[in-house]
Amino acid sequence: MATKKLVETGNVISNEELSADVNAMVLECPKVVELAQPGQFVMIKNEMGSTYLRRPFGVADVDKEKGLLLLIYRKAGKGTNELSMLEEGAPISVEGPLGNGFSFDNDGRTLLVGGGVGIAPIIYTARKLGAEMAGPKPIILLGVRNHKELFWSDFLEDFSQKLVYTTDDGSYGRKGFAIDAIPDILKAYPDIKHIKVCGPTIMMKGIAELAIKQGLECEVSLEKRMACGFGVCLGCTFEGKSGKRWKVCGDGPVFDAEEVFG
Amino acid sequence: MDMQRLATDFAGIKMATPVMGASGTFGFGVEYSDFLDLNHVGAIISKGITPLPRAGNDGVRIAETPSGMLNCIGLENPGIDVFLRDILPKVRKTAPGTTFIANFSGSSVEDYGMMAEKLDVDGVDGIEVNISCPNVKEGGIVFGTDPKAAAAVTEMVKTHTSKPVIVKLSPNVTDITVMAKAVEAAGADAVALINTLTGMVIDINSWKPLLGNVTGGLSGPAVKPIAVRMVYQVANAVKIPILGLGGIATAEDAIEFLLAGASAVAVGAENFVHPDAVVKVAEGIDTYLEKRGLKNVSELVGKVKIN
């Protein structure tokens, strides 16, 4: 169930380039961090910036002791470019934690799949499965553009049983899409019972269909344009396979794959 | 906050403050309970309710614009029956003391009468008639751009309710005072203005409109000066009270509307950005009144000095 949500003025602790267009920002915002669960998101407002609406970012990771929140974002437009210029100590408004995150089950192993900056929420999810829960460590499969996007390993290695990359250009790991690597992974780890995916829609759809066919429990994390993040603007609604209308922000962003792609 | 200074009677609707949450940006109010004290909200104005459930428009529904946003939600809502059965009781349980105004629209004059009658129930303190949604073909703006149709809807609603009736006007007309006078003559207890301005954004990479519905309604700080001007014009044209809205983000913005002639105001898009805005604006108005030694917010209404 959705947790209590609040707005907190955080401080930028660091804001570093991970690659030419991807940044990692660490924010100090202990109240939001205390409540945040894997798969939830925050709405960020750079009060010094020129954009009007908040922007949603998945919670990439948290340090609950220090009250730190990690966001990993691609510089894709005016808002994220302005965000990338913020220096240590800059204030930033954080609204959250928002939505419902991934569900967790001690029965069997989990395969975590991320694509592009959709990999970000996989980190906190992997921490929970690989460092906080008793069960087997997750297998992590990442689809990236090329060998310049291997920085994800630094965040994920400690929590994974095995970390697999596919690249669009074949410059590292298997050439192709993340889904192409799944049959081999399932063969090597027959104890996998759950798949959790966050990435481009086409990637999630393919993997969801594969998981449903194989009888594996599968959750997908959706992304849609939204103005508010807590269920009032109705910018992010969609109709599920059951015919029920859902809000990505309030009912998701994590959904059972069957309801979205079944 | 000094609740006496802020207490407002708007067209017979009693409110704790003159600052409401605008329709379509405030859900049914209860969604904001984590962010603000609902007892300090002047009124919750509900998301637009229609006779049947509506899924809204397909495709992209939200776009950021300079100092504002475009939306083309298309009146997604669960319909009047679900509202009355499930939502209204929840609102009254969560926010028993908060004034609640139901916003609604229909596809025909008869629809509006039927809706007004169904909403004539305990727990609803007033009704806001939406004749100005720019994002649906049937209903909505069809009635909001023709003074005769607007008057017909207003008359129909007035004969089917015991509640105070606010008619929400569209700015997408040549002269908004013509519309305001038409609904006043038809019996409206108040007017609300402005609804969103029709706008459009084109993606120059794909050469396609960004919004799924091609055009959408513009709101946010970008529209504020237009809204203040229209409130000023309407205040000089009608005697019924005005609910002023359009781009209000701060108490200073709200005070401009009051001086222009609005008796109460509503915060819209800003709720998405700062979900405590309705209360923050009321607090700021209270501070302003205190500094100027004014006893009630009504002392500001229409006091703009023109020579």
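The values are calculated or read from the model by the stated rules, or taken from the named source; none is laboratory data. Everything numeric here is computed off the predicted structure, so don't read it as measured data. For neighbour counting, all protein chains shown are included, and Cβ atoms are generated from backbone atoms with ideal geometry for every residue, glycine included.
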Legend entry - Subset of region A:27-39 [within 14 Å of chain B (Cβ to nearest Cβ) and under 18 Å from the mean Cα position of the chain (by Cα)]: A:32, A:35
Legend entry - Qualifying position, being at negative phi and part of a helix (DSSP H, G or I), among B:167, B:191, B:157: B:157
Legend entry - Selected residue [touching a strand residue (DSSP E or B) at 6+ places or on another chain (Cβ under 9 Å) and modelled with pLDDT of 95 or more] from B:36, B:88: B:88
Legend entry - region B:200-237: number of residues that are of a type in the set (A, V, I, L, M, F, W, C), buried (at least 19 other Cβ atoms within 10 Å of the Cβ) and assigned to a loop (DSSP other than H, G, I, E, B): 2
Inset, instruction - Go through region B:26-47 residue by residue and tally those that are part of a loop (DSSP other than H, G, I, E, B) and either at the interface with chain A (Cβ under 8 Å from one of its Cβ atoms) or within 17 Å of the chain's Cα centre (by Cα) (or both). - result: 10
Legend entry - Which listed residue is under 30 Å from residue B:210 (Cα atoms), over 19 Å from the mean Cα position of the chain (by Cα) and surrounded by fewer than 24 Cβ atoms within 10 Å (Cβ to Cβ), from B:81, B:122, B:146, B:86: B:146
Inset, instruction - For region A:18-50, name all the residues that are free of Cβ contacts under 8 Å to residues at least 40 places away in the same chain and closer than 16 Å to residue A:72 by Cβ. - result: A:33
Legend entry - Looking only at region A:21-44, and only at residues there that are touching a Lys or Arg at 6+ places or on another chain (Cβ under 7 Å) and assigned to a loop (DSSP other than H, G, I, E, B), the one that is farthest from residue A:101 (Cα to Cα): A:21
Inset, instruction - Just name the residue that is nearest to the other protein chains (Cβ to nearest Cβ) out of those in region B:48-64 that are in contact with a helix residue (DSSP H, G or I) (Cβ under 9 Å, 6 or more places away or on another chain) and either under 25 Å from residue B:100 (Cβ atoms) or surrounded by fewer than 20 Cβ atoms within 10 Å (Cβ to Cβ) (or both). - result: B:53
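Rundown of residues vs (1) farther than 24 Å from residue B:76 by Cα; (2) assigned to a loop (DSSP other than H, G, I, E, B); (3) in the same structural domain as residue A:55 (by TED's automatic domain parsing), yes/no style:
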{"site": "A:211", "(1), (2), (3)": "yes, no, no"}
{"site": "A:230", "(1), (2), (3)": "no, yes, no"}
{"site": "A:242", "(1), (2), (3)": "no, yes, no"}
{"site": "A:254", "(1), (2), (3)": "no, no, no"}
Legend entry - strands (runs of 3 or more DSSP E) fully within region A:60-179 counting 2 or more residues that are of a type in the set (A, V, I, L, M, F, W, C) and farther than 26 Å from residue A:11 by Cβ: A:109-115, A:139-144, A:162-167
Legend entry - Within region A:213-226, considering residues that are in contact with a strand residue (DSSP E or B) (Cβ under 7 Å, 6 or more places away or on another chain) and away from chain B (no Cβ under 14 Å), the one farthest from residue B:268 (Cα to Cα): A:216
Legend entry - Residues within region B:102-119 that are surrounded by fewer than 24 Cβ atoms within 10 Å (Cβ to Cβ) and in a loop (DSSP other than H, G, I, E, B), tallied: 2
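Residue by residue, here is whether (1) more than 25 Å from residue B:269 (Cβ to Cβ); (2) of a type in the set (Val, Ile, Thr) holds:
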position	(1), (2)
A:47	no, no
A:58	no, no
A:62	yes, yes
A:65	yes, no
A:70	yes, no
A:77	no, no
A:81	no, no
A:88	yes, no
A:92	no, yes
Legend entry - Selection from region B:58-78 of residues that are within 20 Å of the chain's Cα centre (by Cα) and either part of a strand (DSSP E or B) or over 30 Å from residue B:225 (Cα atoms) (or both): B:62, B:68, B:69, B:70, B:71, B:77, B:78
Inset, instruction - Scan region A:138-151 residue by residue and report those that are farther than 15 Å from residue A:181 by Cβ and crowded, with 23+ Cβ neighbours inside 10 Å. - result: A:149
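Let's see how each residue does on (1) touching a Cys at 6+ places or on another chain (Cβ under 9 Å); (2) over 26 Å from residue A:149 (Cα atoms); (3) surrounded by 19 or more Cβ atoms within 10 Å (Cβ to Cβ):
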{"site": "A:96", "(1), (2), (3)": "yes, yes, yes"}
{"site": "A:121", "(1), (2), (3)": "yes, no, yes"}
{"site": "A:129", "(1), (2), (3)": "no, no, yes"}
{"site": "A:132", "(1), (2), (3)": "no, yes, no"}
Inset, instruction - Under 7 Å between Cβ atoms, at least 6 apart or on separate chains: pull out the pairs that start in region B:226-253 with a residue that is of a type in the set (Asp, Glu) and end on any residue that is surrounded by fewer than 24 Cβ atoms within 10 Å (Cβ to Cβ). - result: B:253/B:224
Inset, instruction - Scan region B:23-47 residue by residue and report those that are surrounded by 24 or more Cβ atoms within 10 Å (Cβ to Cβ) and of a type in the set (S, T, N, Q). - result: B:23, B:25, B:46
Legend entry - Boolean, residue A:178 is in the same structural domain as residue A:142 (by TED's automatic domain parsing), surrounded by 23 or more Cβ atoms within 10 Å (Cβ to Cβ) and either at pLDDT below 95 or over 30 Å from residue A:45 (Cα atoms) (or both): yes
Legend entry - Long-range neighbours under 9 Å by Cβ, at least six apart or interchain, first residue more than 7 Å from chain B (Cβ to nearest Cβ) within region A:227-248, second among the hydroxyl-bearing types (Ser, Thr, Tyr): A:246/A:237; A:247/A:237; A:248/A:237
Inset, instruction - Identify all residues within region A:125-166 that are in contact with a helix residue (DSSP H, G or I) (Cβ under 9 Å, 6 or more places away or on another chain) and aromatic (Phe, Trp, Tyr); write none if there are none. - result: A:152, A:155, A:159, A:165
Legend entry - Meets criteria (more than 12 Å from every other protein chain (Cβ to nearest Cβ), in a strand (DSSP E or B) and either of a type in the set (A, V, I, L, M) or surrounded by 21 or more Cβ atoms within 10 Å (Cβ to Cβ) (or both)) for residue B:20: yes
